[in-house]
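Only one structure is covered here, and it is reproduced in the block below.
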Amino acid sequence: MRKVRIAPSILSADFAHLADEIAAVEQAGADLVHVDVMDGHFVPNLTVGPPIVEALRKVTALPLDVHLMMTNPDAFIREFAEAGATYLTVHVEACPHLHRTVQSIKEKGVQAGVTLNPATPLTSVEEILPDVDLLLIMSVNPGFGGQRFIARVLEKIKQARAMIDRTGHLVLLEVDGGVKVDNAAAIVAAGADILVAGSAIFEAPGRDYRRVIAQLRRGGAAASDSGDNGKPTAHSKAAASSRKARR
């Protein structure tokens, strides 16, 4: 069974107790910590910078999945890399020389990701896929937490999965925006490897992060293991084949 990875987004965490929040989701079974970096220009919000990433690196062993929602991410790649980012993901809409940006990230020893907004076509990342480690599909318009999942993005996730599989490269497919317990199975069935969830986790009743993370993983794992009729999906077969090839 393919492992479904859960990445809590600190955008919805209590920033007054951020170290405690990170410790709580780590103990609850999170696989990564998703850090939304917003510049107030590319998206209508302003969040964190390299000092917060550096502080997070000191309090957790989890990979830091840093999502740069910035107009000029190239100017900050070195700073975020040195702060301790594990993944640095940039928007295709903000990078006129995307190949150069991706290479710059990798030269810093960081895994490179690319992402695209809901209205941006997948063709914009087709040429760069063989060079990246992660593809992030936005299932809301970026800028704010707590938004509703855009249902038609499911088809885009399916197409992205097929596009990745055609490359023959190991590229993680991540989905961010409106991910909840009740839609996790459909998102993973469409092909996602990583589920980013903010309000679904950090606004859980009683701060029961472990329960929500387990529910997200359980719903997604069931979808990745079988289709609606209980038979393996094409994606689960491809994933199993890929695992065998890497052994």
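The values are calculated or read from the model by the stated rules, or taken from the named source; none is laboratory data. Note that this is a predicted model, so its numbers are computed, not measured. Heads up, the Cβs are rebuilt from the backbone with ideal geometry, glycines too, and the neighbour counts pull from every protein chain shown. Each accessible area value is taken on the protein alone, full model and side chains, heavy atoms only, with ligands, DNA and RNA left out. Shrake-Rupley method; radii C 1.70, N 1.55, O 1.52, S 1.80 Å.
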Legend entry - Among Phe80, Met163, Val175 - extreme Cα towards positive end, dipole of the chain, charges at beta-carbon: Met163
Legend entry - Environment charge at Ala160 (Cβ cut-off 12 Å; Lys +1, Arg +1, Asp -1, Glu -1): -1
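Send over the Kirkwood Rh of the range 53-100, from the inverse of the averaged 1/r over different Cα pairs, rounded to one decimal Å.
On the way: mean 1/r = 0.0882 Å⁻¹.
Evaluated on the range 53-100, it is 11.3 Å.
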Inset, instruction - State whether the range 64-200 is rounded, prolate or oblate according to the following rule on the C-alpha gyration tensor (a ≥ b ≥ c being the square roots of its eigenvalues): a/c under 1.5 gives rounded; otherwise a/b larger than b/c gives prolate, and the remaining case gives oblate. - result: prolate
Legend entry - Most positive-pole-ward Cα, His17, Ala192, Phe149, against dipole of the chain from beta carbon charges: Ala192
Legend entry - DSSP-loop trypsin sites (Lys or Arg not before Pro) across the range 1-62, with at most 14 other Cβ within 10 angstrom: Lys3
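Restricting to DSSP H runs of at least four residues, report the calculated mean residue ellipticity at 222 nm for the chain, -39500 (n - 2.57) per run over all residues, nearest 500 deg cm²/dmol. The partial results should precede the final answer.
Values: 9 runs with 93 residues, N = 247.
Theoretical 222 nm ellipticity from helices: -11000 deg cm²/dmol.
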Legend entry - Virtual spin-label span in nm between Asp182 and Glu54, 7 Å along Cα→Cβ: 4.4
Inset, instruction - Return a whole-number percent for the relative contact order of the range 45-184, with Cα pairs under 8 Å and 6 or more residues apart as the contact set. - result: 19
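With a length cut of 20 Å (Cα positions projected on each helix's long axis) and a Kyte-Doolittle mean of at least -1.0, go through the chain and give me the DSSP H helices that pass. Could the numbers behind the result be given before it?
Values: long enough: 153-167 (21 Å, -0.37); 209-225 (24 Å, -0.48).
The answer, listed by residue number, is 153-167, 209-225.
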Inset, instruction - Leaving ligands, DNA and RNA out of it, report the carbon-plus-sulfur percent of the accessible area of the chain at a 1.4 Å probe. - result: 51
Inset, instruction - Quick one: grab the alpha carbon gyration tensor of the range 117-168, order the square roots of its eigenvalues as a ≥ b ≥ c, and give me rounded if a/c is under 1.5, else prolate or oblate depending on whether a/b is larger than b/c. - result: prolate
Inset, instruction - Could you list, in their original order, any pairs among Lys3/Lys158; Lys3/Lys106; Lys3/Lys180; Lys108/Lys156; Lys158/Lys180 whose Cα atoms are separated by more than 21 Å? - result: Lys3/Lys106; Lys108/Lys156
Legend entry - Cα shape, the range 1-123, gyration tensor, a/c 1.5 rule: prolate
Legend entry - Mean Cα-pair separation over length for the chain, i.e. relative contact order, pairs under 8 Å, 6 or more apart, %: 21
